[in-house]
Every structure is written in C-alpha cells, then in structure tokens.
Amino acid sequence: MCGEKPDQRLCVDHNHTTNAIRDLICTNCNHALGKAKEDPAILRAMAEYLERHAQRDPAEVKYAPVPSAPSLQREMGHTLNESVDRRTTHSEE
Ligand SMILES: [Zn+2]
C-alpha cells in the first residue's frame with residue numbers, strides 16, 4: 001500500500017467486521033488502518049487534511065471538494081443501470 005518494501009514480514013489483514021482475510025500488507029499500513037479505525041471516511045479526511053496543509057500559500061488553501069468521489073458514484077450508478085437494463089432485455093426475450 002505504501003509502496004515500500006517491508007523489512008519485516010507482512011501482516012495478514014482482516015476485516016474485523018466480517019473476519020474475512022483481506023490481503024497481505026506491511027505492518028505500518030496495518031497499524032495506520034487500525035489507528036484510523038479502518039474507516040475510509042476518516043482516511044480520506046486525513047488525506048485531505050494533509051493536502052490542504054501542504055499548500056505553500058495559505059491564501060490558496062481552500063476547502064475544495066474531492067473530485068473523485070462524486071464521479072465514482074456516477075460511474076457506479078451507471079454500471080448499476082446498465083446491468084438492470086441488460087436483465088430487463090433478457091427477461092423480455
Ligand atoms: Zn505499507
């Protein structure tokens with residue numbers, strides 16, 4: 001996840017809600033997920049926070065919306081509608 005080659009062994013990451021094994025990740029990433037309560041919203045907010053404060057000119061700091069989130073939702077909705085259309089077409093045959 002962090003792109004670094006781990007010098008320690010990888011952790012088997014679990015989804016603590018379902019107990020399903022997710023993936024092998026390094027210890028740092030595993031701890032980072034745990035500290036953020038494995039909440040994507042918190043992790044996103046943290047990323048935004050860092051990016052906001054990484055700006056050189058404080059006047060440029062703005063609470064800009066994350067462009068990827070709404071477009072992703074639109075894509076997902078589009079895919080969903082397509083599969084519904086296909087099912088409808090199939091049942092009419
Ligand atoms: Zn890592």
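Rule-based calculations on the coordinates, nothing more; no lab input. Here the structure is a predicted model, which is why all the values come from computation and not from measurement. For neighbour counting, all protein chains shown are included, and Cβ atoms are generated from backbone atoms with ideal geometry for every residue, glycine included.
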Among 18-24, 40-46, 28-34, the order from most to least packed when residues are scored by Cβ within 10 Å on average: 28-34, 40-46, 18-24
State, to one decimal in nm, how far the label point of A54 lies from the label point of E38, with both points 7 Å from Cα in the Cβ direction. 2.7
Spherically averaged projected area in nm², based on the convex hull that wraps the Cα atoms of the range 1-62: 5.4
Check which residues have an amide H placed less than 5 Å from C11's amide H, if you skip close sequence neighbours. I25, C26, T27
Does a label point 7 Å from the Cα of Q8, set along Cα-to-beta-carbon, have any residues of the range 23-40 with amide nitrogen under 12 Å, and which are they? 26-32
